[in-house]
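In what follows, a single structure is set out as structure tokens and then discussed.
The values are calculated or read from the model by the stated rules, or taken from the named source; none is laboratory data. Being a predicted model, the structure only gives us computed values, none of them experimental. When we count neighbours, we look across all protein chains shown, and the Cβ atoms used for this are built from the backbone with ideal geometry, even at glycine. We work out accessible area using only protein heavy atoms, side chains counted, and drop any ligands, DNA or RNA first. Shrake-Rupley method; radii C 1.70, N 1.55, O 1.52, S 1.80 Å.
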Amino acid sequence: MKIRFRYIVYLFLIWFVIHEAVLIIDGLRDEKEPCEFAIILGSKVNKDGSLSNRLQARLDAGLELYKNHIVQKIFVSGGTGKEGFAEGDKMAEYLIQQGVEQHDIVVDNQGLTTRKTADNFVEQFPDCKSVIVVSQYFHISRCKLALKKAGVENVYGVHARIFELRDLFSLFREFFAWYVYMFS
């Protein structure tokens, strides 16, 4: 019985390591395919209304896609954090300051989760067949999964150019979150 349990633990660890490797590789491999939209997922807005480094890095990655004419429009999505700012509004404000035309930005302030962002996008743009999702590298695979399950045929990913110590926790969390999204 002890030996059988040990093998189960070893198999789980091997599965975990392989899944994490695939998640990292998928997240770091940018797919800059021409699409109508970049979907940029929200993150923390600081108490003073400024963007967290994480959020600015996501926006800068999406901005690069827009300026290089890889995407035509940008869908920014997030909720209102405990700091009291609507992430989507703050994201749009930053993009406009960087030269993005206001009519090329769609704001979703109801994107409280990755799944909700995907559902909100598809509800507004049911005929959109391909998008590039922009987030941290560890989050890209789950974003792709959520958008595909919501009905987007082709989903590509581009990661924000920022790495933090907290990514270790996020990588651990994403293992479980991916399977929750997969089977729900």
Virtual spin-label span in nm between GLU33 and ALA21, 7 Å along Cα→Cβ = 2.5 nm
Percent carbon-and-sulfur accessible area, the chain, ignoring ligands, DNA and RNA, probe 1.4 Å = 58 percent
Please identify, among SER170, SER135, SER77, the residue showing maximal mean-square fluctuation in a Gaussian network model of the chain using a 10 angstrom Cα cutoff.
-> SER170
Could you check which residue among PHE37, PHE75, PHE163 shows the biggest mean-square fluctuation in a GNM of the chain with a 10 Å Cα cutoff?
-> PHE163
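I need the Kirkwood Rh of the chain: take the reciprocal of the average 1/r across all distinct C-alpha pairs and report it in angstrom. Show your work: numbers first, answer last.
Details: mean 1/r = 0.0591 Å⁻¹.
Final number for the Kirkwood radius of the chain is 16.9 Å.
Taking DSSP loops as anything outside H, G, I, E and B, show the longest stretch in the chain free of GluC sites (Glu not before Pro) there with at most 13 other beta carbons within 10 Å. Show your work: numbers first, answer last.
Values: sites that count: GLU101, GLU153, GLU164.
The reported range is 1-100.
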Rounded to the nearest whole Å³, what is the per residue volume of the convex hull around the Cα atoms of segment 1-64?
-> 140 Å³
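Hey, how much of the P(r) for segment 85-130 falls beyond 12 Å, as a percent of Cα pairs?
66 percent
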Expected field for ARG29, accessible surface area in Å² at 1.4 Å probe radius, rounded to 10, holds 120 Å²
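Residue separation times 0.36 nm, minus the C-alpha to C-alpha distance between ASN154 and GLN72: what's the value? Write down the numbers at each step before the final one.
Values: separation 82, 0.36 × 82 = 29.52 nm, distance 1.59 nm.
Between ASN154 and GLN72, full extension yields 27.9 nm more.
What is the dipole size for segment 1-72, taken about its Cα centre, with +1 at each Lys and Arg Cβ and -1 at each Asp and Glu Cβ, in debye to the nearest 20? The partial results should precede the final answer.
Values: 10 positive and 9 negative charges, 124 e Å.
Roughly 600 debye for segment 1-72.
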Reachable lysines from LYS149, criterion Cα separation under 19 angstrom, eight or more residues apart if same chain | LYS116, LYS129
Restricting to the chain, what percent of DSSP beta bridges are antiparallel, rounded to 5?
-> 10 percent
Give the distance, in whole Å, between the Cα centre of segment 140-174 and the Cα centre of segment 96-129.
-> 16 Å
Choose one answer from HIS19, HIS159, HIS139: the residue with the largest mean-square fluctuation in a GNM of the chain with alpha-carbon springs under 10 Å.
-> HIS19
If you plug each phi of segment 37-48 into the Karplus form 6.51 cos²θ - 1.76 cosθ + 1.60 with θ = phi - 60°, what whole-Hz ³J(HN,Hα) values come out, in order, with x for Gly and Pro?
-> 10, 9, 9, 9, 7, x, 7, 4, 9, 5, 4, 8
Could you give P(r) for segment 120-184, binned at 10 Å from zero, as whole percent values over all Cα-Cα pairs?
-> 21, 47, 28, 5
